[in-house]
1. Where is the GNM fluctuation largest for the chain (alpha-carbon springs, 10 angstrom cutoff): 16, 45, 120?
2. Strictly greater than 12 Å: what percent of every Cα pair in segment 89-135 meets that?
3. With all protein chains present, how much of the accessible area of the chain (probe radius 1.4 Å) comes from carbon and sulfur, to the nearest whole percent?
4. What's the magnitude of the charge dipole for the chain around its Cα centre, counting Lys and Arg as +1 and Asp and Glu as -1 at the beta-carbon? Answer in Debye, nearest 20.
5. Which ³J(HN,Hα) values in Hz, rounded to whole numbers, follow from the phi angles of segment 14-22 under the Karplus curve 6.51 cos²θ - 1.76 cosθ + 1.60, where θ = phi - 60° and Gly and Pro get x?
6. Hey, in the GNM for the chain with a 10 angstrom Cα cutoff, which one of 71, 93, 27 fluctuates hardest?
7. Kindly provide log₁₀ I(q)/I(0) values, in the same order as q = 0.13, 0.14, 0.17, 0.18 Å⁻¹, from the Debye equation applied to equal alpha-carbon scatterers of the chain.
Amino acid sequence: MKKDIIIPEVKNVYVAAVKEWNEDFQENSWYAYLVNDTDVNLEMAIVVSKAYGLINGEQRKTAVFRHAFNEVPAKSFIKIELLENNVLQLNNEFIVSYFIENKLYDKSFVFRTNTINDKATTDIPVMNKKGILVK
């Protein structure tokens, strides 16, 4: 029975970290975005995020956050959440699930420890901005 389950491959959907001005903190902060570089809308997108890893030899983890978006239009992006400076030294995982034509797609995107930094930026598709991209 397990062999009968078809899990479609996620293509051209990414999670990106982009540095932008934060009015509340009066500084540039990193934000996570869901990027849809496909030609179809993502329906009922759900993003579950958490951070985990070692800090000073101690195992640390954050609370789990859940975000829901009715639709992410084709060739667009949507802001997921602020990435606080304290969690950048941890692994930041984003589990993304969505539907296309009644098929469920699911993929885990992980920013590894300290990979979100100014020196690692690249062009982000659709956004026309620099940032860190996880495929």
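1. 120
2. 69
3. 49
4. I would put it at about 460 debye.
5. So the Karplus estimates, Gly and Pro as x, are 9, 10, 10, 10, 10, 8, 9, 5, 10 Hz.
6. 27
7. One equal scatterer on each Cα of the chain leads to -0.57, -0.66, -0.93, -1.02.
The values are calculated or read from the model by the stated rules, or taken from the named source; none is laboratory data. The structure presented is a predicted model; accordingly, all values stated were derived computationally and were not measured. All Cβ positions, even for glycine, are placed from backbone atoms using ideal geometry, and neighbour counts span all protein chains on display. Side chains included, ligands, DNA and RNA excluded: accessible areas come from the protein's heavy atoms. Shrake-Rupley method; radii C 1.70, N 1.55, O 1.52, S 1.80 Å.
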